[in-house]
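Student: Let me begin by handing over the structure; questions about it come next.
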Amino acid sequence: MVLQAQTTDRYVQEVLKETEQLLKIYGDSMIHGSTQGIRVFALTRFIPLFRSTLHYPEAFNYAFDSLPFLKKLMAPHRQFRIFTWAIPFNDGSFRHYGVILRRHSKDSVQVLPLYDHFSELVDAHNILTASVGRQQWPGAIYYDIRCFDSEAGKSYCLLLGWNGTSPHKLRRRIIEPIHWEGDTVVFGLPVLVDQRGVHMREMLEYHPTATLTLRFDNKDGQPAIVFDHLVHQRIPTGEDGFVPDGTYDYYILGNDGKWYKRAFFFGKGPTPSQSTGR
């Protein structure tokens, strides 16, 4: 019985390795294809193959190291894993794609595709106030994750991500709360507080010529999320846009489980009363 299990495991690992090489071929065309048609065609081949691969329970811990365009995050408690990526379009925008892999047991995983609904949420003017499921996902490439408990003791995670949906020369960094209601994943949770009130997520828009920092940190012994303070100014290219001014804002975790926006700054910068403005 042990020998059979070992043989099966080796077989699955070989299948994963061989499939990964095919995914790499499709992925290279999907990201670097010379035309939009080539990129979209490769995407239509990549998605079903990748999703089918994730149905192997062994895929939960598989590295997928040959797919650098695929951002891979494991939740700290190892109950789920999230994969995200994006492909560029001719108008300068990006479309985001994602899959959550949730483990119920060693031999049982749940594959949950994510569907980018960012533009629809923006058009409805509720991108900061909507709590949505995976069918209305506010698309992003996520690059970091931390998990916490709310005031009611409910576990949730915060994802930090990048969004390039807009063709209008905008890029975004996003703080995205995520939690589970049974087997349903929910994006958005009312834990972020600033001068506007309580909202479900944070979105920082900036000009694509700028570089914006958004990272987990600590402040005064408490977990914090630090990010560049943005100001509107004329860009060297002659355009207007939001860019970092060399100062920083942050969210700090309060005793009630909510995150409160504060300001600190280095060098020359806005006055404290201005530093939480947009």
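Student: Among the numbered criteria (1) small (Gly, Ala, Ser); (2) over 19 Å from Arg134 (Cα atoms); (3) at pLDDT 90 or above, which one does Gly188 miss?
Tutor: (2)
Student: Which one of these does Ala210 not meet: (1) in contact (Cβ under 8 Å) with a residue 12 or more places away in the chain; (2) surrounded by fewer than 13 Cβ atoms within 10 Å (Cβ to Cβ); (3) not β-branched (Val, Ile, Thr)?
Tutor: The failed condition is (2).
Student: May I ask you to say which residue of Gly254, Gly277, Gly267 is closer than 19 Å to Ile175 by Cα and modelled with pLDDT under 85? Spell out the reasoning first.
Tutor: Working: Gly254 fails: modelled with pLDDT under 85; Gly267 fails: closer than 19 Å to Ile175 by Cα.
That would be Gly277, the only listed residue that is closer than 19 Å to Ile175 by Cα and modelled with pLDDT under 85.
Student: Does Val185 fit the bill of being touching a residue at least 60 places away in the same chain (Cβ under 8 Å) and either closer than 21 Å to Phe60 by Cβ or part of a helix (DSSP H, G or I) (or both)?
Tutor: Numbers: touching a residue at least 60 places away in the same chain (Cβ under 8 Å): yes; either closer than 21 Å to Phe60 by Cβ or part of a helix (DSSP H, G or I) (or both): yes.
Judged against the criteria, Val185 is a match.
Student: Sticking with this one: Can you confirm whether segment 139-150 contains a residue that is touching a helix residue (DSSP H, G or I) at 6+ places or on another chain (Cβ under 9 Å) and surrounded by 15 or more Cβ atoms within 10 Å (Cβ to Cβ)?
Tutor: The first filter runs over segment 139-150 and keeps only residues touching a helix residue (DSSP H, G or I) at 6+ places or on another chain (Cβ under 9 Å), leaving 139-140.
Okay, now just the ones that are also surrounded by 15 or more Cβ atoms within 10 Å (Cβ to Cβ), so 139-140.
Checked against the condition, which is being touching a helix residue (DSSP H, G or I) at 6+ places or on another chain (Cβ under 9 Å) and surrounded by 15 or more Cβ atoms within 10 Å (Cβ to Cβ), segment 139-150 yields at least one hit.
Student: Here's another thing I want to ask about it. Consider Lys72 against the criteria (1) touching a residue at least 40 places away in the same chain (Cβ under 8 Å); (2) surrounded by 15 or more Cβ atoms within 10 Å (Cβ to Cβ): it satisfies all of them except one. Which criterion is unmet?
Tutor: Against the list (1) touching a residue at least 40 places away in the same chain (Cβ under 8 Å); (2) surrounded by 15 or more Cβ atoms within 10 Å (Cβ to Cβ), Lys72 comes up short only on (1).
Student: Just to check your reading of the model, which residue among Asp149, Asp183 is under 23 Å from Val109 (Cβ atoms), more than 11 Å from the chain's Cα centre (by Cα), assigned by TED's automatic domain parsing to the domain that holds Leu121 and of a type in the set (Asp, Glu)?
Tutor: Working: Asp149 fails: under 23 Å from Val109 (Cβ atoms).
The unique qualifying residue is Asp183.
Student: I want to confirm something. Restricting to segment 135-163 and keeping residues that are in contact with a Ser or Thr (Cβ under 8 Å, 6 or more places away or on another chain) and not hydroxyl-bearing (Ser, Thr, Tyr), which single residue is farthest from Leu114 (Cα to Cα)?
Tutor: Step one: of segment 135-163, the residues in contact with a Ser or Thr (Cβ under 8 Å, 6 or more places away or on another chain) are 139-142, 147-149, 156, 161.
From the residues that got through so far, the ones that are not hydroxyl-bearing (Ser, Thr, Tyr) too are 139-141, 147-149, 161.
Numbers: Gly139: 8, Ala140: 10, Ile141: 12, Cys147: 20, Phe148: 23, Asp149: 24, Gly161: 15 Å.
The qualifying residue farthest from Leu114 (Cα to Cα) is Asp149.
Student: Being closer than 25 Å to Cys147 by Cα and among the acidic types (Asp, Glu) is true for just one of Glu58, Glu14. Which residue is that?
Tutor: Working: Glu14 fails: closer than 25 Å to Cys147 by Cα.
After ruling out the rest, the residue left standing is Glu58.
Student: Going by the structure shown, is Gly133 touching a helix residue (DSSP H, G or I) at 6+ places or on another chain (Cβ under 9 Å) and at pLDDT 95 or above? Before the answer, list the steps.
Tutor: On the way: touching a helix residue (DSSP H, G or I) at 6+ places or on another chain (Cβ under 9 Å): no; at pLDDT 95 or above: yes.
In short, no.
Student: Next up: Quick check on this structure: which one of Ser52, Ser105 is over 26 Å from Leu160 (Cα atoms), surrounded by fewer than 18 Cβ atoms within 10 Å (Cβ to Cβ), out of contact with any Gly (no Cβ under 8 Å at 6 or more places or on another chain) and modelled with pLDDT of 95 or more? Outline the logic, then answer.
Tutor: Working: Ser105 fails: modelled with pLDDT of 95 or more.
Result of the check over Ser52, Ser105: Ser52.
Student: Could you list, in sequence order, all residues of segment 228-240 that are surrounded by fewer than 13 Cβ atoms within 10 Å (Cβ to Cβ) and part of a strand (DSSP E or B)?
Tutor: Result: His232, Gln233, Arg234, Asp240.
Student: Quick check: is even one residue across segment 35-47 aromatic (Phe, Trp, Tyr), modelled with pLDDT under 95, surrounded by fewer than 18 Cβ atoms within 10 Å (Cβ to Cβ) and more than 17 Å from the chain's Cα centre (by Cα)?
Tutor: Going through segment 35-47, the residues aromatic (Phe, Trp, Tyr) turn out to be 41, 46.
Of the ones still in play, those that are also modelled with pLDDT under 95 are none.
No, segment 35-47 contains no residue that is aromatic (Phe, Trp, Tyr), modelled with pLDDT under 95, surrounded by fewer than 18 Cβ atoms within 10 Å (Cβ to Cβ) and more than 17 Å from the chain's Cα centre (by Cα).
Student: Also, I was wondering about something else. Output the number of the condition that Trp162 fails; it satisfies all remaining conditions of (1) of a type in the set (A, V, I, L, M, F, W, C); (2) farther than 18 Å from Trp85 by Cα; (3) without any contact (Cβ under 8 Å) to a residue 24 or more places away in the chain.
Tutor: The number of the failed condition is (2).
Student: I'd like the residue in segment 188-206 that is assigned to a loop (DSSP other than H, G, I, E, B) and charged (D, E, K, R) and, out of all such residues, is nearest to Ser93 (Cα to Cα).
Tutor: Filtering segment 188-206 down to residues assigned to a loop (DSSP other than H, G, I, E, B) leaves 188-191, 195-196, 200-201.
Then drop every residue that is not charged (D, E, K, R), which leaves 196, 201.
Working: Arg196: 28, Arg201: 21 Å.
Restricting to residues being assigned to a loop (DSSP other than H, G, I, E, B) and charged (D, E, K, R), the top hit is Arg201.
Student: Pick out the one residue from Ile225, Ile175 that is assigned to a strand (DSSP E or B) and either closer than 21 Å to His117 by Cβ or among the charged types (D, E, K, R) (or both). Outline the logic, then answer.
Tutor: Numbers: Ile225 fails: either closer than 21 Å to His117 by Cβ or among the charged types (D, E, K, R) (or both).
Sole residue among the options that is assigned to a strand (DSSP E or B) and either closer than 21 Å to His117 by Cβ or among the charged types (D, E, K, R) (or both): Ile175.
Student: Which numbered condition trips up Arg51, out of (1) over 27 Å from Trp180 (Cβ atoms); (2) touching a residue at least 60 places away in the same chain (Cβ under 8 Å); (3) outside the structural domain of Glu181 (by TED's automatic domain parsing)?
Tutor: (1)
The values are calculated or read from the model by the stated rules, or taken from the named source; none is laboratory data. This is a predicted model, so every value here is computed, not measured. Note that we place each Cβ from the backbone using ideal geometry, even for glycine, and neighbour counts take in every protein chain shown.
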